[in-house]
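Contents: one structure, followed by commentary.
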Amino acid sequence: MQKDNKDYLEHLRHSAAHLLAAAVMDLWPKTKRTIGPSIENGFYYDFDFGKVKISEDDLPKIENKMHYIVKSWERFERHDVTKAQIVKEFKTNEYKQELINEFSKEGQKLTVYQSSEFRDLCRGGHIDNPSQELKHFKLLSIAGAYWRGDEKNKMLTRIYGTAFASQKELDEYLHQIEEAKKRDHRKLGKELELFTINNEVGQGLTIWLPNGSTIRREIENYMVSEQIKMGYKHVYSPHIGQKSLWEKSGHWDLYREKMYSPMDVEGVEYLVKPMTCPMHIQTYEIKPRSYRELPLKIAEIASVYRYEKSGELSGLLRVRAFTQDDAHIFCTPEQATDQFIEVFNFIQKLYKVFGFENYRVRVGIRSKSEKYLGNNSSWKKAEDRVIAALKKAKSDYFVSEGDAAFYGPKADFLIKDALGREWQCGTVQVDFMLPQRFGLKYIDNDGKEKTPVMIHRAPLGSLERFLSILIENYAGAFPVWISPVQVKVLPVSDKSLDYAMDISSKLLKSCIRVEVDERAETLGAKIRDAQAQKVPYMLIVGEKEKEASKISVRTRAGKDLGQSDLSSFIKRLKDQIDKKALD
RNA sequence: GCCGAAGUAACUCAGUGGCCAGAGUAUCUGUAUUGUAAACAGAACGUCGUGGGUUCGACUCCCACCUUCGGCUCCA
């Protein structure tokens, strides 16, 4: 098999997982091993260590053992086994027993793969000769993981590692991880003074600092103006509302664990809003609606509050108060597909503007569970509608069972952060349930009352999450249109400070975000600091520029663009801002 | 919430069971007035995450808690 082949890498990593298990069993013979697949960037193996505590300090020891064991592994031998044989072999391992029972029930053939002394229940997918090929691996971390991914099950110890065909590729991968950490939005958020999350305010609660607020405001303004062009109507709604609102919507029943406890206001229970749908429904209900008004698109940049378990919080990626670029489209059933496609295309357009190309679309449909409202036929209809719309939009997608909202199927946009982790951002959801529950109606052209369809959508998802990925994507060097400071004026010495202030006020009048570095520092230091702040343009002004009534332009890429006059610089900058040029 | 790790100055990080815990950067003061990535000097800055315990003595050892990080579960 070709060594640069994706399957080869999977086989290599799966083989490494076997080797990891062998090393662990050698070091801690009482351990119960479970499963060890290859994953996107490596592999893992889950163990039940019993009473033994394993920590990251043990990883080098395990790695050494792996290097030792692999020398005697010249092949993976396949053995077909009967259920009776294999049950006996793993008689003290309830996890393997569970797998064996399941596999044999499904009529699968049971196979064991053996290398040297080590045998494992496995369906195959290995490299030919581990002693020759399996040399370049590293164990990376330890984590807890529930058996079969279920919170109700016992927590096992998962050991993560990675393996490559060559040392060079392994080193490159490890280097790449180190590089990615430099783009971490939490690190950049501090360095560039974008936001702060501290414990005085509370876990998962963001304060946007001036720089971050500027970025956010630009994006919000852009969203609002684009949506106005598409016929959206923007509203404002309160942050709390009576609990009965969410009882009516069904959220209280199905989503309660995500909401903060009700507060008592003069004997009536209120909730801090975890989502805005019921509020927007009120805007629909103010008067009888005609089919002529549909689609009615109600939008709001809306802050919502959801309880996330403390261990789930992560920088801006997962917070307890976040802001959605929310909207609800009320339309006729006939309009639903086209409305869905319009939203879908809008999201794709937005992501292009922000420079995201590597995202995936996940279609969430129901699973066999109790957590959904409504009956089978309306669900089937809605799911078919979403998939038909995606086909019509000619988009690639993958279907994921169990990822539907409780009121309907949805399509989510998944974007990767610096470390390659995927996060759900944009979402479009088709909803036949809430209009019914709230008794929404419109008068159709035949004079009859009908129930509209609702489309819930948030193209960016959460501004907090979207911005964190944006920060990492740009490594803090934002496109000019959203850069907190677009131009930094650097006087060569105090002598040119007046001229610098003059330039600055002209830029301000042209609505350019500008700052003057007034410090009595050397020019070199001023440049260095402006560079560290990733300011797109530095204007260097000294005696020469003052004399010629010009400015010298330097970019954050370190390019000296030479002298130009201010008006042509402003014109070029404005143009770049208007075009939302990526750089 | 669960598993594992970490927490020392505003930031990045050294450090040792024993005088008063250090460095660089940032801050403040002074000098230099500077031409495309770091001027020089001085000053100030710490409940060593919090609370208990062991000890003659704890930043260091033990316990509990808090927060953060990597995962799991959950999710925008």
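No lab work stands behind these numbers, since they all come straight from the coordinates. Just so you know, these numbers come straight off a predicted model, no measurement behind them. With ideal geometry, Cβ positions are generated from the backbone for all residues, glycine too; neighbour counts draw on all protein chains shown.
Worth a mention:
- Alpha carbon centroid spacing (whole Å) that separates the range A:401-428 from the range A:430-480: 13
- When the convex hull of its Cα atoms is projected in every direction, mean area for the range A:64-132 (nm²): 5.1
- Amide H contacts under 5 Å for A:Tyr260, placed H, 5+ residues apart: A:Val272, A:Tyr307
- Look at where the Cα atoms of the range A:151-203 and of the range A:256-278 average out, and the two centres are 35 Å apart.
- Compactness index (Cα Rg / 2.2 N^0.38 Å), the range A:132-277: 1.61
- The fewest-to-most ranking of A:Thr92, A:Thr323, A:Thr157 by surrounding Cβ atoms within 10 Å reads A:Thr92, A:Thr157, A:Thr323.
- Since only A:Tyr442, A:Phe406, A:Gln335 are under comparison, the one whose Cα sits farthest along the positive direction of the charge dipole of the range A:318-453, derived from C-beta charges on Lys, Arg, Asp and Glu, is A:Phe406.
- Centroid-to-centroid separation of the range A:523-548 and the range A:27-47 [C-alpha atoms, Å]: 55
- Ellipsoid semi-axes in whole angstrom, largest first, where each is sqrt(5λ) of the Cα gyration tensor of the range A:1-75: 23, 14, 11
- At q = 0.06, 0.08, 0.09, 0.11 Å⁻¹ the log10 of I(q)/I(0) for chain A amounts to -0.44, -0.76, -0.91, -1.16, computed by Debye summation with a single uniform scatterer per C-alpha, solvent ignored.
- Per-residue Cβ neighbour rank within 10 angstrom, fewest leading, A:Ser377, A:Ser462: A:Ser377, A:Ser462
- Distant-in-sequence amide H partners of A:Leu209 (H built 1.01 Å from N, under 5 Å): A:Phe195, A:Thr196
- With coordinates expressed along the principal axes, the C-alpha atoms belonging to the range A:1-43 extend over 37, 15, 12 Å, beginning with the largest.
- Whole-Å semi-axes of the range A:153-209's equivalent ellipsoid (Cα gyration tensor): 33, 21, 5
- Cross-link partners for A:Lys410 among the aspartates and glutamates, with Cα-Cα distance under 13 Å and sequence neighbours closer than 8 places in the same chain left out: A:Glu383, A:Asp384, A:Glu401, A:Asp431.
- Both radii are taken from the alpha-carbon atoms of the range A:229-379; with Rh as the Kirkwood radius, Rg/Rh is 0.97.
- Cross-link partners for A:Lys138 among the aspartates and glutamates, with Cα-Cα distance under 14 Å and sequence neighbours closer than 8 places in the same chain left out: A:Glu56, A:Asp57, A:Asp58, A:Glu63, A:Glu169, A:Asp171, A:Glu172.
- Here the 3J(HN,Hα) profile of the range A:45-58, calculated from phi with Karplus coefficients 6.51, -1.76 and 1.60 at θ = phi - 60°, is 9, 9, 10, 9, 7, x, 8, 6, 9, 10, 10, 5, 5, 7 Hz, Gly and Pro shown as x.
- Contact order normalised by residue count of chain A, Cα under 8 Å, 6+ apart, percent: 10
- Taking A:Met501, A:Met66 and counting other C-beta atoms within 10 Å, the order from fewest to most: A:Met501, A:Met66
- Debye-sum result for the range A:102-145 in log10 I(q)/I(0), which assumes one identical scatterer on each alpha carbon, at q = 0.18, 0.22, 0.33, 0.34 Å⁻¹: -0.82, -0.95, -1.14, -1.17
- Backbone amide hydrogens, once placed in the peptide plane, bring A:Arg289 within less than 5 Å of A:Ile443, excluding anything fewer than 5 places away on its chain.
- If the Kirkwood radius is taken over C-alpha pairs of the range A:20-129, then at 25 °C and 0.890 mPa s the Stokes-Einstein diffusion coefficient equals 163 µm²/s.
- The lysines whose alpha-carbon is closer than 23 Å to the alpha-carbon of A:Lys544, local same-chain residues fewer than 8 away aside, are A:Lys488, A:Lys495, A:Lys506, A:Lys526, A:Lys559, A:Lys571.
- Prolate/oblate/rounded call for the range A:458-537, Cα gyration tensor, a/c under 1.5 rounded: oblate
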